[in-house]
Each structure stands twice: as C-alpha cells, then as structure tokens.
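**Student:** The following block contains the structure, expressed as structure tokens.
All of the numbers you see were taken from the coordinates with simple rules; none came from a lab. Everything numeric in this text was worked out from a predicted model, so none of it was measured. No Cβ is skipped: glycine too gets one built from the backbone with ideal geometry, and neighbour counts run over all protein chains shown.
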Amino acid sequence: MRFAVPLTESAELRPLEPWQAPEFLAHVDKARDALAPNRVEWRCAADNGRSGATAGRLGMVLEGTLRQAFVHHGVHDVQVWAMTRADWERRPWG
C-alpha cells in the first residue's frame, strides 16, 4: 500500500520505486523549496543492491549501516544514504 505525506498544497512526499529517480529528484526539489531541509535521507535494506545503487546515482552518500534495525520476516540491516543541502547545491546534474 502506498502512502503520501502532504508538504504543501501542490507537493507531497511518497515512496518511490528505484526506477523513478527523476520523480524522486523532483520531489526533493519541491521539498527543498517548501521546507528548506538541510538533509534528505534514503533508507533501504542492506541486501537491496538496486536501491542502494539508485541512491548513489542520485548523488547520495552512504553514511552507514544500522545493524539489525528492521524486524519483519527476520532481522535485517538497514543502509542510511543522505544528501545535505551543500551536496544538493553542488550536484553536477542540476
């Protein structure tokens, strides 16, 4: 099931599939304009290589792994990827 978190009247934050990277970046732009966040995080299962690779292509930095941080059908490690405002402002594709 999908869910959305309203940011403004014209912007919402919702989960995206890895192949929707351009849409994710558009959401980051809207959130940046509406909320002026200093940091955006992407969390994924450590064994989900495709999701981690997508975060890396978006210019995010792997900050670490939260060991045994998610319990659902077993115990799983979670990777934390992030992009700061400074990273966003110096991104080569923007």
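**Student:** Can you pull out every residue in segment 54-94 that is under 17 Å from PRO37 (Cα atoms), charged (D, E, K, R) and in contact with a strand residue (DSSP E or B) (Cβ under 9 Å, 6 or more places away or on another chain)?
**Tutor:** Passing the criteria: ARG85, ASP87, ARG91.
**Student:** Would you confirm whether or not segment 79-93 contains a residue that is assigned to a strand (DSSP E or B) and surrounded by fewer than 16 Cβ atoms within 10 Å (Cβ to Cβ)?
**Tutor:** yes
**Student:** Would you check which residues across segment 38-82 are over 13 Å from the mean Cα position of the chain (by Cα) and under 29 Å from SER10 (Cα atoms) and list them?
**Tutor:** ASN38
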